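What follows is one structure encoded as structure tokens, with my remarks underneath.
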Amino acid sequence: MTMQHVVFGSGPLGRAVARELAAQGHGVRLVSRGGPRPLAGVETITADVASVQQAVTASAGADVVYHCMNADYGHWPQSLPPLMEGFIAAAEAAGARAIYGDNLYTYGPVSGAIHEGLPAVHTGRNVRVRTELAELLLEADRAGKVRVAVGRASDFFGPEVLQSTLGSRLFPALLVGKPAQVLGNPDLPHTFVFIDDFAWALTVLATRDEALGKVWHVPSAPTITVREMVANASELAGVPPRVSVAPSVLIRALGLLNPTMRAVAEVLYQVERPWVVDHSRFEAAFGSRVTPHRDGLQRTLDWYREQRA
């Protein structure tokens, strides 16, 4: 059965979700404040979801709405709450299911595998606001306003992904034979998610009643170290595997003056200790569709090459 899906946010995740839904044969509307770039088989419109009226208008007729929006990293506490308020209002007005593409910030520093039962731990302003907004959305579900599912993923990578651990600081450097720039300890295990796998998982949550009212960790390829990811990418790019590590002490020092660096410093624990995500609950309930790391890296390298052409 085809459905009408409205995706708020035309960054890499929003576009990946829209592509996945279009491939499944659904009606898709992609919404962003700046106006989305064209995407085959997808309706694109301009609206500011921070305005409740615009958000409600943009979601008219939707069966499912997706929150794939982001904002300037250094100003999340100011920018993200109005987007969530508009998103909830849009879902409620349309009578649509609300699917949220979230991250793992809420758990804070973790010893052992990261699973959905862990408590929230606030390590800074960005972490607190992400926790509060997810809870606001789940409270709307408990109150009977909207039906909600939250999909959480670790660092994602892939075509169009720039602001990520495996993003614009890494792939362009590799393609010209320069060292990949990373944070923290590159020899620790770290879970990475290919962007299309994250998108697929969110579309699954949208169609399964048992997903509603809960948080789910999306499936990913087996966890390896950052250095191993760089080595795989370097081999595929035909260059020597070289890593340049930005000192954490420098990031923390810059954070005293720069709000973006301050936000990065808040979550350095993610790269200074093992960061292994348990997605077994999702897999047991819904199965999984996971792209092997080398396949995802190849597709990512191909996209970055196209941008240089």
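The values are calculated or read from the model by the stated rules, or taken from the named source; none is laboratory data. Quick caveat, the model's predicted, so the values are computed rather than measured. As a convention, Cβ positions derive from the backbone with ideal geometry for all residues, glycine included, and neighbour counts pool all protein chains shown. Accessible surface is based on the protein model in full, side chains and every heavy atom, while ligands, DNA and RNA are left aside. Shrake-Rupley method; radii C 1.70, N 1.55, O 1.52, S 1.80 Å.
Quick check for you: with a 1.4 Å probe and neighbouring chains kept, what is the accessible area per residue of the chain, in Å²?
Numbers: 12870 Å² over 309 residues.
Here the residues of the chain average 42 Å² of exposed surface.
Which value, in debye to the nearest 20, gives the size of the charge dipole of the range 18-133 about its Cα centre, when Lys and Arg are +1 and Asp and Glu are -1 at the Cβ?
Numbers: 8 positive and 10 negative charges, 43 e Å.
Roughly 200 debye for the range 18-133.
In debye, nearest 20, what is the charge dipole magnitude of the range 1-71 about its Cα centre with +1 on Lys and Arg Cβ and -1 on Asp and Glu Cβ, if you could check?
Values: 5 positive and 4 negative charges, 37 e Å.
So the magnitude is around 180 debye.
Counting Lys and Arg as +1 and Asp and Glu as -1, what is the net charge of the other residues whose Cβ lies under 14 Å from the Cβ of R97?
After counting each charged neighbour, the total is -1.
Amide H neighbours of W216 under 5 Å, counting only residues 5+ apart in sequence or on other chains, H built in-plane at 1.01 Å?
For W216, whose amide H was placed from the backbone, the distant partners under 5 Å are V150, G151, R152.
With every protein chain left in place and a probe of 1.4 Å, what is the accessible surface of K214, to the nearest 10 Å²?
Approximately 80 Å² of K214 is accessible to the 1.4 Å probe.
Could you tally the net charge around K145, taking each other residue with its Cβ under 15 Å from the Cβ of K145, Lys/Arg +1 and Asp/Glu -1? Intermediate results must be reported in sequence, preceding the final value.
Details: positive: R97, R142, R147; negative: E85, E92, E135, E139, D141.
Value of the local net charge: -2.
Please list, ordered by chain and number, the residues whose modelled amide H lies under 5 Å from the amide H of A180; skip anything fewer than 5 residues away on the same chain.
R242, V243, S244
Roughly speaking, to the nearest percent, how much of the range 130-190's 1.4 Å accessible area is carbon and sulfur? List each step's numbers first, then the result.
Numbers: 1210 of 2350 Å².
The nonpolar share, carbon plus sulfur, comes to 52 percent.
Starting from the coordinates of the alpha-carbon atoms of the chain, obtain the Kirkwood hydrodynamic radius over all distinct pairs and give the value in Å to one decimal.
Values: mean 1/r = 0.0506 Å⁻¹.
Evaluated over the chain, this radius sits at 19.7 Å.
Please list, in order, the residues from the range 1-36 whose amide nitrogen is less than 18 Å from a point placed 7 Å along the Cα→Cβ vector of L136.
8-9, 33
How large is ³J(HN,Hα), in whole Hz, for each residue of the range 209-223 in order, when computed from phi with the Karplus curve 6.51 cos²θ - 1.76 cosθ + 1.60 and θ = phi - 60°, using x for Gly and Pro?
Residue by residue, the range 209-223 yields 4, 6, 7, 6, x, 9, 9, 10, 8, 6, x, 9, 5, x, 5 Hz.
Mean 1/r over all different Cα pairs, inverted: what Kirkwood radius does the range 69-119 give, in Å?
Numbers: mean 1/r = 0.0751 Å⁻¹.
With all distinct Cα pairs of the range 69-119 included, I get 13.3 Å.
Can you tell which of M261, M229, M69 shows the greatest fluctuation in a Gaussian network model of the chain with Cα springs below 10 Å?
M261
Given a Förster radius of 35 Å and the C-beta distance between R273 and W303 as r, what FRET efficiency does 1/(1 + (r/R0)^6) yield to the nearest 0.05? Intermediate values should be presented prior to the final figure.
Numbers: r = 31 Å, r/R0 = 0.87.
For R0 = 35 Å, the calculated efficiency reads 0.70.
Determine the dipole magnitude for the chain: charges of +1 sit on the beta-carbon of Lys and Arg, -1 on that of Asp and Glu, nothing else is charged, the reference point is the Cα centre, and the result goes in debye to the nearest 20. Numbers along the way, then the final one.
Values: 28 positive and 29 negative charges, 113 e Å.
With only Lys, Arg, Asp and Glu charged at Cβ, the dipole is about 540 debye.
Per residue of the range 27-32, what does 6.51 cos²θ - 1.76 cosθ + 1.60 with θ = phi - 60° give for ³J(HN,Hα)? Whole Hz please, x for Gly and Pro, Karplus curve as stated.
For the range 27-32, the Karplus curve yields x, 10, 10, 9, 10, 8 Hz.
Would you mind counting up the charge near M3? Only other residues with Cβ under 12 Å from its Cβ, with Lys and Arg at +1 and Asp and Glu at -1.
Neighbourhood net charge equals +1.
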